[in-house]
Each structure stands twice: as C-alpha cells, then as structure tokens.
Amino acid sequence: MKSPKSLQKTLGIGLTLGVVLLWLLALLSTVYVSQNKLNTLFDSALAETAQRIMPLAVVEILNREEPGQLQQIMSFEAHDEPLIYLVRDASGRVLLQSHNADPLIFNKTLLKGFSSSENYRFYGAWAVQNTLHIEVAEPLVQRREAIVQMAASLVWPLIFLIPLCFIGTWAFVRYSLRHVRVYRKAIESRGSGDLSPIETKNLPTELHTIAISVNDLLARLSRALESERSFTANSAHELRTPIATALAQIQYLQQDVTAGPLKDKVQKVEATIKGLSGLSEKLMQLAKAEGGGLLATEQHDLVRLLKLIVDDSQRSYSADRLRLTLPHDGVFNSAIDPDAFAILVRNLIDNAIKHGNPNQPVEISFSINGVLTIVNAAEVIPAETLAQLQHRFVRSNTKAQGLGLGLAIADAIVTGVGATMRFNSPATGRSDGFEVSVDFSLIDG
Ligand SMILES: Nc1ncnc2c1ncn2[C@@H]1O[C@H](COP(=O)(O)OP(=O)(O)O)[C@@H](O)[C@H]1O
Ligand SMILES: [Mg+2]
C-alpha cells in the first residue's frame, strides 16, 4: 500500500515550485521588456554619435590637401573604443576611420539607418548630397552583458527564496494544523474500549464536519455494542434461574432413580444442564469484560487480591496444586477493577487446573514490576494454534471440557485495561508446559 503523503511536505514543495515558476516568468518578462528598452536607448545613442561625428568628419575630409586619401584618426592615447566608425565615399572607398576600426566588420553596401551583424549594431547616414557615408558600429557584447547581468541579479535571490519559501510553508502549515495534531493525539491516546465523543473544538472547518461524522459514528457504534452487551448479559442473567431450577430438579430426581439405564440418562441430562450453567456464567463474564468499567477510580493492591483469589481457588478445586510465589512484602497498586482482575485470574487458573497435567503443580507468581505468570505442565501447543487461543471458541487439542471462552474473556479484560498478555508453549526454561503472563505495569489510571 502507498504510504499517505504529508500535507506539510506536499504544500511545501507545491508552493515553492509555484513561487519559483512565477519568479522565473517574471524574470523572463523583465528581461524581455528591458532588452527592448535597452536596445532603443543604445540605438538612439548610436544614431546620435553618428550624427555628431559626421560634420566633424566632413570638415576634416574637405580640408585635406589630398582628398581621397585614407586617414586614420590618431588616438591621444591607446584606449579601448566602444564605438568605431568608417567614413566612405559613394563608391565605398574608405576616407576616414577610427583608429581601431577594421573595415571588414562593416557592411559592404552603404546602408542608411540601423542594421545588425552577428556581433555588431550599425547606424549608417549620408551627408553632402549623398557623397559621404558614415557608418558607426557598436559591439553587441555590451548589450548582451547588460542583459545577462540583469538576469543574473534576478536569479540569485532564488538561492534564498527556495529554502525560505519551503521552510516558511512547512512551518506555517504545521502551525495551522496544530489543532488537528491535538485531535490526532486525543484519538491515539484513548483506550480501545473508549467510544466517547472526541473533542472537535478549534478544528478547521474542512475537518470539523469529518470530526462530527466520526463522533456520530462512534455514538452509533457505542449504542450497537451496548445493546449487544446488555442483550448477552440480560439473557445470561435471565437463564440463571431456570437453569438452577432445572439442575435442582434433576438432582432431586436422581435420588429417586435407582442404578440402571435411566440413572445414566439422568446423569447425562445433569451434565448438560451444568454445561449450560457454565456457558451462561461465561457469557456474563464476557459481557462484563467487553463492557466499560474495567478500571476503578481508586487503586488496589494486586498482590493482596491475587492471594485472596488463589486461596479461594485452592479451596474450590479442593486440590493442593496451586503454588503461589509473591514478592516479599511487595505491594503493586493498579487501577484495574478488582472484579475484572478476579475474573481474569480465575479463568487463567481454571485453565491451568483443567488443561494442565493433574499430577504436576501450577506455578503462579507475581513480580514486583507487575507481571503475573502462571505456568503448568502440559503438552506443547503448536505456535499457529497458540497465536489464535485468545479468540472466542478457539480450543487446542484437549480432552478437557470447555467452551473456548476463557482466554477470550481474559483477553477482553487485558485489552480493555491496557495491559498485555502473552502465551508461551513450551513454558520458559522448560521443554513442555504452558505459560501465560500478563503485564499490569502498562495500565495507567
Ligand atoms: N493452562 C493451559 N494449559 C494448556 N493449555 C491451555 C491452557 N490454557 C488454555 N489452553 C488451551 O487453550 C484453549 C482455549 O482456552 P479457553 O479459551 O480457556 O477455552 P477452554 O478452557 O474452554 O477450552 C484450551 O482449549 C486449551 O487447549
Ligand atoms: Mg478455559
């Protein structure tokens, strides 16, 4: 899947490109306009020069002792002439030329007005009834240099403009999205069971409607889940009394039946009713585990609670298989609801007793940093099954009775309070067995 694009980055790049493009367009049109203006200016200076030189040249030529002789104007000092000129008669004979003028670069034909060659701009004019022709040439290099310098002076600010524009857009978009980030944090930081509406204050209009729809959706989801849960809890609750009555009656009936096929049948019915009773109990637990209220307002010491639950289980299983190791004088306070904690631990102990090797002890320990570990001997469970055990109605290859809901209940509680649960098979440091560990240290509240 393509990873989502950052708005900050896209806008930063897009706007920077836009600004650069606009800048370059402005530069091109500036260069174009300036070039035209410069040409007009340079041209008028060129024409002016030609018209100034002409009368002087005419006087100079007419005053000569030997008219028709070429004469070069001596410079006072060797210097670089930006302008050069050539005075010719109607037949094209050169009569006068500036000191470094090369006749080859001038037009062969005697033209009037402006003309250009590859490297020169010319202005030609006639005088003395079209008998003398002057042509002034100006190298184009100067005009080109002026344009290039101007373009360069407009290009280099881009070096600053590009990073400035990018960083500026980046920072501004980041600033504008600060309420969106708050909104995202509010979603990220809530627990998986929290379906309360999310604060939409200060969100930009574009996102406000989305946030309102999300809240709507959450409300509908919450109502649907709530009705499912209360249906499960209510049905399980309603089933309790008739199941208990049926069980009492069947046990009563059993006393009147003597051994034989009928007794077997009655026993089977009793077992079925007991199974039903277990199912309704588990459904109630599941409804509680998946509902809210898994965190209490005050903290409870889990070490003390665990000790009570294990003592109680020891008695109800009437088997001396549970070995409890607690941190010496340890206290671990947590916000998990004591009932939820009891349901969780009972399901795990129940599994260890039921699925574990009956001749081996079940080791229960609680570390000072809040990790509950329960280990029992059992056949190794394949990794792919192990990863699925916490789903409803998933059971591994086991002979023990069960519904496949115990670990689903445990998982719902663990997720609901923000703790984590891991299964290991074989257990850590053994070649067989099953190990479940729940880390309560991550619960905040
Ligand atoms: N302590 C354990 N030792 C060995 N296997 C276990 C243990 N706990 C759970 N399992 C395996 O995980 C499966 C799912 O457990 P659970 O959801 O409690 O359902 P149930 O106990 O009703 O079978 C069990 O069927 C069993 O195969
Ligand atoms: Mg179980």
Checklist entry - Do we have any residue at all in segment 277-300 that's in a helix (DSSP H, G or I) and over 21 Å from Ala410 (Cβ atoms)? => result no
Item to check | Where Phe114 falls short, out of the listed (1) in contact with an Asp or Glu (Cβ under 8 Å, 6 or more places away or on another chain); (2) within 30 Å of Thr10 (Cβ to Cβ) | outcome: (2)
Checklist entry - open to solvent by less than 20 Å² (accessible area, probe 1.4 Å) and under 24 Å from Tyr317 (Cβ atoms) - does that describe any residue in segment 378-388? => result no
Item to check | helices (runs of 4 or more DSSP H) within segment 117-221 that include 3 or more residues outside the structural domain of Val59 (by TED's automatic domain parsing) and of a type in the set (Ser, Thr, Tyr) | outcome: 157-176
Checklist entry - Are any of the residues in segment 366-378 under 30 Å from Glu188 (Cβ atoms), touching a strand residue (DSSP E or B) at 6+ places or on another chain (Cβ under 7 Å) and within 11 Å of ligand 2 (Cβ to nearest atom)? => result no
Item to check | Residue within segment 334-346 that is open to solvent by 60 Å² or more (accessible area, probe 1.4 Å), under 22 Å from Ser280 (Cβ atoms) and either more than 16 Å from ligand 2 (Cβ to nearest atom) or in contact with a Pro (Cβ under 8 Å, 6 or more places away or on another chain) (or both) present | outcome: yes
Checklist outcome for this item: Apart from one, (1) over 41 Å from the mean Cα position of the chain (by Cα); (2) at negative phi all hold for Leu225; the odd one out is (1)
Checklist entry - Taking Arg321, is it open to solvent by less than 40 Å² (accessible area, probe 1.4 Å), in contact (Cβ under 8 Å) with a residue 24 or more places away in the chain and more than 8 Å from ligand 1 (Cβ to nearest atom)? => result yes
Item to check | Filtered residues of segment 390-426 (kept if open to solvent by less than 20 Å² (accessible area, probe 1.4 Å), outside any helix (DSSP H, G or I) and more than 11 Å from ligand 1 (Cβ to nearest atom)) | outcome: Ala419
Checklist entry - Here are some residues: Thr232, Thr241. Which one is under 30 Å from Leu195 (Cα atoms), assigned to a helix (DSSP H, G or I) and among the β-branched types (Val, Ile, Thr)? => result Thr232
Next on the checklist: If Phe393 meets every condition in (1) free of Cβ contacts under 8 Å to residues at least 40 places away in the same chain; (2) more than 13 Å from ligand 2 (Cβ to nearest atom) apart from one, which number is that one?
Outcome noted: (2)
Next on the checklist: Any residue that is within 16 Å of ligand 2 (Cβ to nearest atom), open to solvent by 50 Å² or more (accessible area, probe 1.4 Å) and touching a residue at least 60 places away in the same chain (Cβ under 8 Å) - is there at least one of those in segment 349-362?
Outcome noted: yes
Checklist entry - Do you know which residues across segment 126-147 are surrounded by fewer than 18 Cβ atoms within 10 Å (Cβ to Cβ) and within 14 Å of Met54 (Cβ to Cβ)? => result Trp126, Ala127, Val128, Gln129, Asn130, Thr131
Checklist entry - Among Ser222, Ser230, which is modelled with pLDDT under 90, under 27 Å from Asp411 (Cα atoms) and loosely packed, with under 15 Cβ neighbours inside 10 Å? => result Ser230
Checklist outcome for this item: Subset of segment 354-368, residues out of contact with any Pro (no Cβ under 9 Å at 6 or more places or on another chain), more than 8 Å from ligand 1 (Cβ to nearest atom) and not in a strand (DSSP E or B), comes to Asn357, Pro358, Asn359, Gln360, Pro361
Checklist entry - Has segment 95-104 got any residue that is at pLDDT 90 or above and over 15 Å from Leu46 (Cα atoms)? => result no
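The values are calculated or read from the model by the stated rules, or taken from the named source; none is laboratory data. As the structure is a computational prediction, the values presented were derived from the model and not from experiment. FYI the Cβ positions are ideal-geometry reconstructions off the backbone, even for glycines, and counts take in every protein chain you see. Protein only, heavy atoms only, side chains kept; ligands, DNA and RNA dropped before computing areas. Shrake-Rupley method; radii C 1.70, N 1.55, O 1.52, S 1.80 Å.
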